[in-house]
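Taking it in order: structure first as C-alpha cells, then the write-up.
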Amino acid sequence: MNRDTMTILALTTLWTLVVAALGGAILWQFRRRSLRITMIVAALAPMAAALAAVLQSVRAMFISQHDSLVVLWTLAFSALLGLAMSVLLGHWITTGSRDVGLRLRHLGTSYEPAVVGSRGSVPAELAALTDELEMTRKRLAASSERERALETSRRELVAFMSHDLRTPLAGLRAVSEGLEDGVIEDVPGALRQMRSTVDRMTGLVDDLFELSRLSAAPPPRRRSAVSLRELAEDVAGETCEHARSEGVLLTVDAPDGDDRLAVHGDADELTRAVTNLVGNAIRHTERGGTVRLSVGRESDGRVRLAVTDGCGGIPDDDLERVFDIGWRGDEQRTPANSSTAGSASSSGGGLGLAIARGVVESHEGTIGVTNVAGGCAFQIDLPPVHATP
C-alpha cells in the first residue's frame, strides 16, 4: 500500500470520527425533540463526513481545481438529495406516529379520531399498528357499551323486582294480620289467596334463577332431536284454556307432510321459551283477537317458529329493547296500542323474553321481533337437527 493511499485512509478515518462525534453530540442534544429532526441529523452526518474526507483528500492529492469542483458539486447534490429524502421520510413517520398517538388517547372510547394525513404515505408497520389500535378501540368501546347496557338492565331489574315483590308481600302481610286479628270471616278463601300469592312470588324467583343459570353459561346439557312441530302443538294444548278464558283464538299453523321440523336441543328449555312467547301474546291480545303459532322451514334449512299476536304493534324505538332484562313497555297503554305484549314476562317481572332469548341463543339460534298488521310477530330461528349446534 503506497503512501498516498495511507494518507487518504488516515484522512477519511479522522474526518469520519470527527463528524461522527459531532453528529452524536447533536443527536444527544436533540434526543427529546421530534423524530424528524433526529432523522435529518442522522442523514446529514454521513454526508458531512464524506464531504470533509473528500475535500481533504483532494487537497492532499493536488487534484486540479476543475476536478475538485466536480467532485464537490457531486457530493453537495448527493447531500441535498439525502436531506430531502430524510425530511420526507421523517414527515411520513411523524405523521403515522401522531395518528398512533391519537388512537391510543381515544382507546376504549366511542369517539373515532380523524386520520392524520394520508394513509398512503404512512409506513406499512405504522399503518398496521394504527389499524390494530382502531380495531382494539372498537372492541373496547363495544365492550364498554355492553357493560353500560347490562348495568342499566340490572338497575331496572332490581327496581322492577322490588316493586313486583313488595306488592304481594304487602298483601300477604295484610291477610295474615287479618287472620291473626280474627277480622276475616272467609278463612279458606284467605288461605287460597295467600297460596296464590306465594305461587306468583315463586314464579318470580324461578324466573330469576333460570335467567341466572342462562347468564352463567353452564356446561351444555345432553341434547337430542326435538320436533318443533310437536312442541308447538303441545304448547298450544297447554295454553288453549288460558286463551279461551281471555277470549283469544289460538291457532297452530304447520306445513303438511311428515317433516317433524326437528332441531337439536333441550325440549324443556325450548318449551319454556315458546310458552313465554305464547303467554305474552295471549295476555296482550284484545278479546276476539287471534294468536297464531306457526312453524316452518326457511330456504337456508333453518327451522322457524313464529308467534303472531294482536297487540297493536311495538313502537320502533322499543323493538331493540324488548329482550332486555327487566325491561317493560309503557304499562299505561292499552294492549291495542302498546308494546307491553313483548315486554312482560309470564310472571310479570319483565323476564319472559330475556329468558326466551337466553334459551334460543344457547341453542345457537336467533330470536327477533317485527311489527305486522294489527300486532307483532316474534320469530325463533334454530339450526336443523343435522347441523352441529
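Pick out the one residue from Val70, Val54 that is crowded, with 17+ Cβ neighbours inside 10 Å, among the β-branched types (Val, Ile, Thr), modelled with pLDDT under 75 and more than 50 Å from the chain's Cα centre (by Cα). Lay out the reasoning, then the answer.
Values: Val70 fails: crowded, with 17+ Cβ neighbours inside 10 Å.
Going through Val70, Val54 in turn, just one is crowded, with 17+ Cβ neighbours inside 10 Å, among the β-branched types (Val, Ile, Thr), modelled with pLDDT under 75 and more than 50 Å from the chain's Cα centre (by Cα): Val54.
When Thr130 is evaluated against the numbered criteria (1) open to solvent by less than 80 Å² (accessible area, probe 1.4 Å); (2) in a helix (DSSP H, G or I); (3) modelled with pLDDT under 70, which criterion, by number, is the only one it fails?
In the conditions (1) open to solvent by less than 80 Å² (accessible area, probe 1.4 Å); (2) in a helix (DSSP H, G or I); (3) modelled with pLDDT under 70, Thr130 misses (3) alone.
Restricting to the range 253-293, name every residue that is closer than 15 Å to Thr308 by Cβ, open to solvent by 60 Å² or more (accessible area, probe 1.4 Å) and either of a type in the set (A, V, I, L, M, F, W, C) or out of contact with any helix residue (DSSP H, G or I) (no Cβ under 7 Å at 6 or more places or on another chain) (or both).
Correct list: Asp253, Arg283, Thr290, Arg292.
Can we say Arg119 is surrounded by 12 or more Cβ atoms within 10 Å (Cβ to Cβ), charged (D, E, K, R), within 30 Å of Arg200 (Cβ to Cβ) and modelled with pLDDT under 75?
no
Can you confirm whether Thr136 is within 30 Å of Gly101 (Cβ to Cβ) and of a type in the set (Val, Ile, Thr)?
The answer is yes for Thr136.
Residue by residue through the range 282-303, note down the ones that are in contact with a Lys or Arg (Cβ under 9 Å, 6 or more places away or on another chain) and closer than 16 Å to Thr251 by Cα.
Answer for the range 282-303, where residues must be in contact with a Lys or Arg (Cβ under 9 Å, 6 or more places away or on another chain) and closer than 16 Å to Thr251 by Cα: Ser294, Val295, Gly296.
From the list Val263, Val235, exactly one residue is closer than 26 Å to Phe209 by Cα and touching a residue at least 60 places away in the same chain (Cβ under 8 Å). Which is it?
Only one candidate qualifies: Val263.
How many residues, within the range 180-205, are in a helix (DSSP H, G or I), open to solvent by less than 80 Å² (accessible area, probe 1.4 Å) and without any contact (Cβ under 8 Å) to a residue 12 or more places away in the chain?
Result for the range 180-205: 5.
Within the range 308-363, which residues are outside any loop (DSSP other than H, G, I, E, B) and at pLDDT below 50?
Pro335, Ala336, Asn337, Thr340, Ala341, Gly342
Let's see how each residue does on (1) at pLDDT 70 or above; (2) exposed (fewer than 14 other Cβ atoms within 10 Å of the Cβ); (3) farther than 30 Å from Ala21 by Cα; (4) among the basic types (Lys, Arg):
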| position | (1), (2), (3), (4) |
| --- | --- |
| Ala60 | no, yes, no, no |
| Leu75 | yes, no, no, no |
| Gly90 | yes, no, no, no |
| Pro113 | no, no, yes, no |
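Starting from the range 306-326, take each residue that is among the acidic types (Asp, Glu) and list its partners that are part of a loop (DSSP other than H, G, I, E, B), counting only C-beta distances under 7 angstrom and pairs at least six apart or across chains.
Correct list of pairs: Asp309/His284; Asp309/Thr285; Asp318/Gly329; Asp318/Ser339.
The values are calculated or read from the model by the stated rules, or taken from the named source; none is laboratory data. This structure is a prediction, so every number in the text was calculated from the model and none was measured. Please note: Cβ atoms are built from the backbone with ideal geometry, for glycine as well, and neighbour counts cover all protein chains shown. Surface accessibility is based on the protein's heavy atoms, side chains included, excluding ligands, DNA and RNA. Shrake-Rupley method; radii C 1.70, N 1.55, O 1.52, S 1.80 Å.
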